[in-house]
Every structure is written in structure tokens, then in C-alpha cells.
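Here, each number is a calculation from the coordinates, and none is a lab measurement. Just so you know, these numbers come straight off a predicted model, no measurement behind them.
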Amino acid sequence: MSRHLRVLRKTGLVEEATLERDARVRLYGLKPKPFGELRRWLEEVEGFWDDELQAFKAHAERKHWKNRG
């Protein structure tokens, strides 16, 4: 677990805090900025593939109706 948390800290995805009364306790929290950037990138990719799949569907439906007629 500590290795995973160390990687997340090094990549800037989480931040660590300690409790003043107990130095053994570590609190981890997600940093929102990297996840916002990831969300924007995923929305771009999703939009691209949505457009591509809609175009493919339209093409397949046109070809299907031409072959039936």
C-alpha cells in the first residue's frame, strides 16, 4: 500500500498530511487539478469516438438500405 501511495504522491495525484498529535497517522487527499485535466481529456476522446461511431452507424444504415432496395 505504501508503494502505491508513494507513486500517487510523486505523480501529484494525492497530497499527504500528518496529524500533529500522532505522527504515525497520515491523511491522503486527492488533488482536484490533475483529475480535472484528465476529465477534460476523456471528454475530448469520448466526443471524438461518439462522432466516429455515429458516422459509422449512418454509413452502415445507408449501405443496408441500398442493398435491400
Most mobile listed residue (Leu30, Leu38, Leu19) in the chain, GNM with C-alpha springs under 10 Å: Leu19
What's the angle, to the nearest 10 degrees (0 to 90), between helix 32-68's Cα axis and the longest principal axis of the chain? 20
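I want to verify the translational diffusion coefficient of the chain in µm²/s; compute it with Stokes-Einstein, Rh as the Kirkwood radius over Cα pairs, at 4 °C and 1.567 mPa s. List each step's numbers first, then the result.
On the way: Rh = 16.2 Å.
The diffusion coefficient I find is 80 µm²/s.
Pulled fully out, how much extra length does the chain show between Glu61 and Arg3, if you take 0.36 nm times their separation in residues and subtract their Cα-Cα distance? Walk me through the numbers on the way to the answer.
Numbers: separation 58, 0.36 × 58 = 20.88 nm, distance 5.10 nm.
Net length gain for the segment: 15.8 nm.
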